[in-house]
2 protein chains.
Amino acid sequence: MPSQPNEWRQHIQQFIDRKTKPPGSLGRLEELALQIALLQESLRPNLAQPRLWVFAADHGVATQGVSAYPQDVTWQMVNNFLAGGAAINAFARQHGLPLQVVDVGVKHNFAPHPNLVQAKVRFGSGDFTQMPAMTALECQQAMEVGRQLVAAACSQGSKAVLLGEMGIGNTTAASALMARLLDLPAAACVGAGTGLDAPGQARKLAVVEKALQLHDRLQTPLEILAALGGLEIAAMAGAMLEAGRCRALIVVDGFIAGSAFLAAWRMMPELAACAVFSHCSAERGHRAMLERLGVTPILDLGLRLGEGTGAALAWPILEAATRFLREMASFDDAGVSESP
Amino acid sequence: MPSQPNEWRQHIQQFIDRKTKPPGSLGRLEELALQIALLQESLRPNLAQPRLWVFAADHGVATQGVSAYPQDVTWQMVNNFLAGGAAINAFARQHGLPLQVVDVGVKHNFAPHPNLVQAKVRFGSGDFTQMPAMTALECQQAMEVGRQLVAAACSQGSKAVLLGEMGIGNTTAASALMARLLDLPAAACVGAGTGLDAPGQARKLAVVEKALQLHDRLQTPLEILAALGGLEIAAMAGAMLEAGRCRALIVVDGFIAGSAFLAAWRMMPELAACAVFSHCSAERGHRAMLERLGVTPILDLGLRLGEGTGAALAWPILEAATRFLREMASFDDAGVSESP
């Protein structure tokens with residue numbers, strides 16, 4: 001077995017190229033297979049015991065009219081997740097992905113439910129046009145929620161985590177984080193979210209610009225995440241950092257999960273090796289975010305729902321990438337002639 | 001229940017828009033759901049009992065040095081499919097897709113195997129730079145092989161067929177068909193296939209141009225398919241036509257299956273309503289083919305393997321599109337507030 005990363009890379013690439021197919025003919029699947037094999041340091045990686053969490057929280061900035069939907073939709077959708085009626089439930093059932101909903105900060109008291117993790121840090125974040133969304137301590141508490149869930153899952157053998165979210169107003173927070181963390185103009189980062197019209201988008205842009213101005217002295221990724229993020233975004237960032245420590249595959253969902261990744265990546269640059277980006281969202285800003293990260297999304301289906309739906313839809317492609325490595329015959333095994 | 005197609009379309013669209021998600025937020029999945037619901041005239045369509053066939057045949061034109069691989073790879077890969085060691089086997093197992101390999105014209109005698117359909121029309125097609133690849137009768141016989149398999153499957157309840165192929169030299173036939181059926185220059189239709197270098201591609205282009213010249217008087221799609229196609233391409237075209245008659249969903253794989261679709265579509269234009277295009281291949285010409293058809297592929301992963309691998313990889317997306325229709329709650333069901 002090779003001992004150096006570069007030797008491993010060559011070793012895995014040769015293993016891929018010995019499979020009964022023209023070299024490179026599985027395209028992106030070969031790149032994903034290489035990434036996952038490198039992550040697990042195995043020629044036969046597996047994505048055993050995947051876990052899917054939807055982190056939910058409310059946003060103080062929702063009072064500024066930045067969403068097409070009322071804030072109550074956050075808790076109503078949490079109940080919909082728990083009842084099994086949302087899109088993510090359908091896709092999670094399809095792929096046998098166990099789903100837990102994590103309340104890190106919804107403005108609502110929920111009855112206990114077997115699929116609900118009650119880990120509320122506070123009843124919604126603060127309005128970041130007036131104050132930091134969270135204190136640094138609250139941000140760390142929310143990150144700790146995600147961290148502990150992933151740590152427990154990995155200790156039980158999980159090799160992949162899929163992270164989604166729910167929170168009315170959270171594309172506004174994600175846009176602010178993206179603008180600040182990638183040093184981009186707010187206009188490049190603000191989009192329609194769940195379906196804002198043009199005046200609504202103009203209002204949202206003004207809100208993000210005001211927030212960026214108010215918090216422009218902050219420097220560390222933790223400070224920025226606390227001021228401009230949200231409790232569910234912080235929880236996802238914490239989950240990602242722990243997955244990176246455990247070398248579990250992180251399946252990043254869309255624009256909002258992407259903003260959590262930006263913060264986590266600034267804290268731990270080597271996280272890039274552990275992450276795959278499930279899709280390019282129709283939300284304006286996401287394509288630029290992916291380009292700045294230098295990553296290629298797996299799917300491009302015009303999705304803009306969140307909830308982890310993109311991650312769940314990309315899941316079978318990731319499984320396929322590990323399956324062909326494990327299951328395909330080589331030219332020698334199968335007695336197939338090679339290109340002269 | 002509506003009686004007119006336009007009423008059905010509105011009825012289904014309203015049903016989609018009542019689901020607990022912002023309108024349009026599932027992007028392409030909503031378009032696919034609409035297409036499949038229209039096809040099945042049902043608000044709760046299903047893709048029960050899918051069938052996957054890999055049609056295999058040899059090509060006389062392979063003797064012109066148009067492939068990076070020797071012709072023996074066709075029968076060797078058929079044996080690999082039967083042994084379960086090819087990429088399509090891994091993906092078919094992953095998604096529970098029953099796979100049959102259909103010999104419509106491989107230059108090899110196979111031992112009987114439970115997953116092999118022996119329906120050889122002849123031992124490889126003729127070299128279409130010298131003669132028609134098939135006679136019209138042979139072409140119809142090959143089409144009949146595909147037609148009968150689909151007819152039997154549909155009579156047993158299959159709602160979807162996935163069609164793939166194997167045949168050294170068959171991107172050359174597909175390029176010739178594409179050029180002729182879409183009236184495009186050969187250069188826009190000829191690519192690297194399994195991995196030709198630049199001189200190889202120039203040779204392949206000359207071969208296609210010679211064939212187009214030799215057969216330039218042919219007019220009907222059957223004549224063109226017989227002269228420039230291949231036995232596995234004809235079988236796929238026959239399978240597609242029967243699926244169209246049965247209103248089963250046709251999951252078209254890549255470039256070669258696409259060329260079979262071009263021929264079948266010319267014979268039955270309403271086939272477009274029954275077909276989805278699993279991916280955009282890395283093979284040059286495929287993107288232009290899809291654009292000329294006015295269709296959007298589901299995946300864009302740089303695949304160029306054939307065997308039905310793209311169709312199998314897109315399968316879970318199609319299942320997801322029907323699942324959200326069947327399983328998601330409406331705003332009313334779930335008590336979720338709507339956009340004001």
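Can you tell me the accessible area per residue over the protein assembly as shown, all protein chains present, probe 1.4 angstrom, in square angstrom?
35
Quick check on chain B: of the DSSP beta bridges with both residues there, what percent are antiparallel, nearest 5%?
The antiparallel fraction comes to roughly 5 percent.
Across every pair of different alpha-carbon atoms, what Kirkwood hydrodynamic radius in Å does the protein assembly as shown reach?
Mean inverse Cα-Cα distance, inverted, gives 26.1 Å.
Taking only Cα atoms, what is the 0 to 90° angle, nearest 10, from helix A:73-83's long axis to the longest principal axis of chain A?
Once rounded, the angle reads 40 degrees.
Work out from phi, with θ = phi - 60° and the Karplus expression 6.51 cos²θ - 1.76 cosθ + 1.60, the ³J(HN,Hα) of each residue of segment A:148-158, listed in order in whole Hz, and give x for Gly and Pro.
Calculated HN-Hα couplings, in order: 5, 4, 5, 4, 5, 5, 5, 5, 9, x, 5 Hz.
Within segment B:47-142, which chymotrypsin sites (Phe, Trp or Tyr not before Pro) sit in a loop by DSSP and count at most 15 neighbouring Cβ atoms inside 10 Å?
Those that pass, being in a loop and sparsely packed, are B:PHE123.
When the Karplus curve 6.51 cos²θ - 1.76 cosθ + 1.60 is applied with θ = phi - 60°, which whole-Hz ³J(HN,Hα) does each residue of segment A:318-327 get, with x for Gly and Pro?
Whole-Hz 3J(HN,Hα) from phi for segment A:318-327: 5, 4, 4, 5, 7, 5, 5, 4, 6, 10.
Treating cross-link reach as a plain straight distance, find the lysines whose alpha-carbon is under 29 Å from the alpha-carbon of B:LYS120, omitting any fewer than eight places away in the same chain.
Excluding near neighbours in sequence, the set is A:LYS19, A:LYS21, B:LYS107, B:LYS159, B:LYS204, B:LYS210.
Please report, in debye to the nearest 20, how large the charge dipole of segment A:25-160 is about its Cα centre when each Lys and Arg carries +1 at its beta carbon and each Asp and Glu carries -1 there.
So the magnitude is around 320 debye.
Charges on Cβ only, +1 for Lys and Arg, -1 for Asp and Glu, centred on the Cα centroid of the protein assembly as shown; of B:SER259, A:GLN148, B:GLY285, which one is farthest towards the dipole's positive end?
So the residue furthest toward the plus end is A:GLN148.
Ignoring ligands, DNA and RNA, what percent of the accessible area of segment B:1-152 is carbon or sulfur (1.4 Å)?
51
Magnitude of the Cβ-charge dipole of segment B:236-340, K/R +1 and D/E -1, about the Cα centre, nearest 20 debye?
Rounded to the nearest 20 debye, it is 480 debye.
Inverting the mean 1/r over all pairs of different Cα atoms, compute the Kirkwood radius of segment B:92-167 and quote it in Å.
Evaluated over segment B:92-167, this radius sits at 14.1 Å.
Could you run the Karplus curve 6.51 cos²θ - 1.76 cosθ + 1.60 with θ = phi - 60° over segment B:223-232 and give me ³J(HN,Hα) per residue in whole Hz, x for Gly and Pro?
With the stated coefficients, segment B:223-232 comes to 4, 5, 4, 5, 6, 10, x, x, 5, 6 Hz.
Jot down the per residue volume, in cubic angstrom and as a whole number, of the convex hull over the alpha-carbon atoms of segment B:98-244.
Given the Cα convex hull of segment B:98-244, per-residue volume reads 122 Å³.
Long-range amide H contacts for B:ALA275: which residues qualify at under 5 Å (H placed 1.01 Å from N, peptide plane, sequence gap of 5 or more or a different chain)?
B:ILE250
Give the residue from B:SER42, B:LEU97, B:GLN71 lying farthest towards the positive end of the charge dipole for segment B:1-116; charges sit on Cβ (+1 for Lys and Arg, -1 for Asp and Glu) and the dipole is referred to the Cα centre.
B:SER42
Treat every Asp and Glu Cβ in segment B:85-173 as -1 and every Lys and Arg Cβ as +1, leave all other atoms uncharged, and give the resulting dipole magnitude about the Cα centre to the nearest 20 debye.
The dipole of segment B:85-173 has a size of about 220 debye.
Helix B:198-214: angle to the longest alpha-carbon principal axis of chain B, degrees 0 to 90, nearest 10?
Relative to chain B, helix B:198-214 is tipped by roughly 90 degrees.
What share of the DSSP beta bridges in the protein assembly as shown is antiparallel, in percent to the nearest 5?
5
What does the charge count near B:PRO45 come to, summing +1 for each Lys or Arg and -1 for each Asp or Glu among other residues with Cβ under 9 Å from its Cβ?
+2
At 0.890 mPa s and 25 °C, plugging the Kirkwood radius over alpha-carbon pairs of segment A:194-340 into Stokes-Einstein gives what diffusion coefficient in µm²/s?
It diffuses with D of about 141 µm²/s by this estimate.
What accessible area, summed over both chains, is buried at the B-A interface (1.4 Å probe, Å², nearest 100)?
So the total buried area for this chain pair works out to about 4300 Å².
Taking the protein assembly as shown as a whole, which cysteines find no other cysteine Cβ under 4.7 angstrom from their Cβ?
Isolated Cys, the protein assembly as shown: A:CYS139, A:CYS189, A:CYS274, A:CYS280, B:CYS139, B:CYS189, B:CYS274, B:CYS280.
Counting only residues 5 or more places away or on other chains, whose amide H sits under 5 Å from the amide H of B:VAL121 once H atoms are built in the peptide plane?
Amide H neighbours of B:VAL121: B:GLY105.
Ignoring solvent entirely, what values of log10 I(q)/I(0) come out of the Debye formula for segment B:18-72 at 0.16, 0.21, 0.24 Å⁻¹ when each Cα is a single scatterer?
-0.67, -0.86, -1.03
Can you give the calculated 222 nm mean residue ellipticity of chain A, where each DSSP H run of n ≥ 4 adds -39,500 (n - 2.57) and the sum is split over every residue, rounded to the nearest 500 deg cm²/dmol?
Computed ellipticity for chain A at 222 nm equals -15000 deg cm²/dmol.
Tell me which trypsin sites (Lys or Arg not before Pro) from segment B:172-252 have a DSSP coil assignment and no more than 12 other beta carbons within 10 Å of their own.
B:ARG217
Using +1 at the C-beta of Lys and Arg and -1 at the C-beta of Asp and Glu, which of A:MET178, A:LEU218, A:PRO199 has the Cα lying farthest in the positive direction of the dipole of segment A:178-221?
Result: A:LEU218, furthest along the dipole toward the positive end.
What translational diffusion coefficient, to the nearest whole µm²/s, does chain B have by Stokes-Einstein, given a Kirkwood radius computed over alpha-carbon pairs, a temperature of 10 °C and 1.306 mPa s viscosity?
Estimated via Stokes-Einstein, D reaches 78 µm²/s.
Using only C-alpha atoms and all pairs of different ones, pull out the Kirkwood radius for segment B:246-321 in Å with one decimal.
In segment B:246-321 this quantity evaluates to 12.3 Å.
To the nearest 0.05, what FRET efficiency results for B:ASP197 and B:ALA83 with a Förster distance of 25 Å applied to their C-beta separation?
0.25
The values are calculated or read from the model by the stated rules, or taken from the named source; none is laboratory data. Predicted model only: the values in this text are computed from it and were never measured. Note that we place each Cβ from the backbone using ideal geometry, even for glycine, and neighbour counts take in every protein chain shown. What goes into the accessible areas is simple: the full protein's heavy atoms, side chains included, and nothing from ligands, DNA or RNA. Shrake-Rupley method; radii C 1.70, N 1.55, O 1.52, S 1.80 Å.
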